[in-house]
Amino acid sequence: MSDLTPLADLGEFGLIRRLQHAITLTQPSTILGIGDDAAILAPPAGQEVVVTTDLLVEGVHFDLSFSPLKHLGFKSIAVNVSDVAAMFATPTQVVVGLSLPPRFTVEAVEELYAGMRAACEAYGVDLVGGDTTSSRTGLVISVTALGQVAAGQAVRRSGGKPTDILCVSGDLGGAYLGLQVLEREKQAFLADPDTQPELENYDYVVQRQLKPEARLDIVHELRELGVHPTTMIDISDGLASEVLHLCAASGTGARVFSEYLPMANPTLEAAAEFNLDPITAALNGGEDYELLFTIPVADHAKIKNHPDITVIGHLTEQNDAVNLITKSGQAVPLRAQGFNHF
Ligand code: ADP
Ligand code: MG
């Protein structure tokens, strides 16, 4: 332990210099990164800029007793990139605000940044600045992401029309089951610190919780297929809540078919073990960071063979309400019971 460096040894400026050292810039629109009072960016003509922020607060959004700092760094960038992707835009830069508890060491911050750099590299974004302060409570990470999209081409929540097809990328419910596994192992550890966590059989769901991916790949593929979604949103709070957001913004109803909800086998197995209804995990679990979007019926043929896009229902007239259609054909009103941090 003795070779760990207290933050006070380096000071704020020393720390920033250390972090800046490993950062490389690749975006043509980045003119100047870390080191001045502000970064300088030059989006190409004809592009609009999208901006989004997500705050991650220790004890509210993450638990350092089971979140490795590298994964947390990756996730803090990925969740912002996910919001940019959900506008159908290409992420370009991020800035990172950090509030660091005094117990943090330089090495801990470097771990966090190693994860952030890995995510920046994975999604092709430049880390161009930020702010660093001490915290009297827990760790706070505030990331702001910028992205570019051809003028007028950003996809809002409000463009849905009755009969549009409702699609989702990847599979659902995994991140929620991952959290259940991690919480259970934490309780076991607190009860008996000699127990070793049993996580091997839960790799998939634990990864879904600790290291979600932003589905920028889906945005690129839709563009290649010539599909321009009418609405799009990323699934941070659970499918039910996001469907309701799209319908509210678009002034439509929707029918979501429970049999069509994509779920991975490890998620189904974990749900069975925890006695949880997998449909409920998919609808209300949250943090999967998949994309939910609608396309015109006429585009159905373009996506129907895509291995990672599933049609789960369609929009309807507003007065038909937002319903889950069960396997037996019953219509049950969808309710938002997603994560509520308040
Ligand atoms: P100021 O006093 O103008 O806020 P700072 O000393 O906070 O300047 O920051 C100096 C430079 O380091 C700026 O370019 C800023 O964007 C960058 N910076 C500060 N904190 C971070 C951080 N946590 N991550 C990345 N860049 C940072
Ligand atoms: Mg500052």
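Values in this text are rule-based calculations from the coordinates and carry no lab data. In this text the structure is predicted, and so the values were computed from the model without any measurement. Heads up, the Cβs are rebuilt from the backbone with ideal geometry, glycines too, and the neighbour counts pull from every protein chain shown.
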*Phi-based couplings in Hz for the range 73-78 (Karplus 6.51, -1.76, 1.60; Gly and Pro marked x)*: x, 4, 4, 5, 7, 4
*Rank LYS75, LYS186, LYS211 by mean-square fluctuation in a GNM of the chain with C-alpha springs under 10 angstrom and give only the top-ranked residue.*
LYS186
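Suppose a student asked you for the relative contact order of the range 165-333, using Cα pairs under 8 Å spaced at least 6 residues apart; what percent would you report?
Details: 316 pairs, mean separation 68.0, N = 169.
Relative contact order comes out at 40 percent.
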*With r as the distance between the Cβ atoms of ALA272 and LYS304 and R0 = 51 Å, compute the FRET efficiency 1/(1 + (r/R0)^6) and round to 0.05.*
0.95
*Expressed as a rounded percentage, what relative contact order does the chain have, with Cα pairs under 8 Å and six or more residues apart?*
21 percent
_the range 165-333: radius of gyration and largest Cα-Cα distance (Dmax), Å_ = 17.3, 59
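Counting other beta carbons within 10 Å of each Cβ, put ASP217, ASP277 in order, fewest first. Numbers along the way, then the final one.
On the way: ASP217 15, ASP277 12.
Sorted ascending by nearby Cβ count, the order is ASP277, ASP217.
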*asked:* Helix-only estimate, please: 222 nm mean residue ellipticity of the chain, summing -39500 (n - 2.57) across DSSP H runs of length 4 or more and dividing by its residues, to the nearest 500.
replied: -10500 deg cm²/dmol
*Considering only DSSP beta bridges where both residues belong to the chain, give the percentage that are antiparallel (nearest 5).*
75 percent
*Treating the angle as unsigned and between 0 and 90°, give the value, to the nearest 10°, between the Cα long axis of helix 106-123 and the longest Cα principal axis of the chain.*
40 degrees
*D for the range 1-119, whole µm²/s, Stokes-Einstein with Kirkwood Rh over alpha-carbon pairs at 4 °C and 1.567 mPa s: what number?*
81 µm²/s
*asked:* As a quick test, which of the pairs LYS75/LYS302; LYS70/LYS302; LYS161/LYS302; LYS302/LYS327 have an alpha carbon distance above 29 angstrom in this structure?
replied: LYS75/LYS302; LYS70/LYS302
*Using just the C-alpha positions of the chain as equal point scatterers, what log10 of I(q)/I(0) does the Debye formula give at each q in 0.11 1/Å?*
-0.77
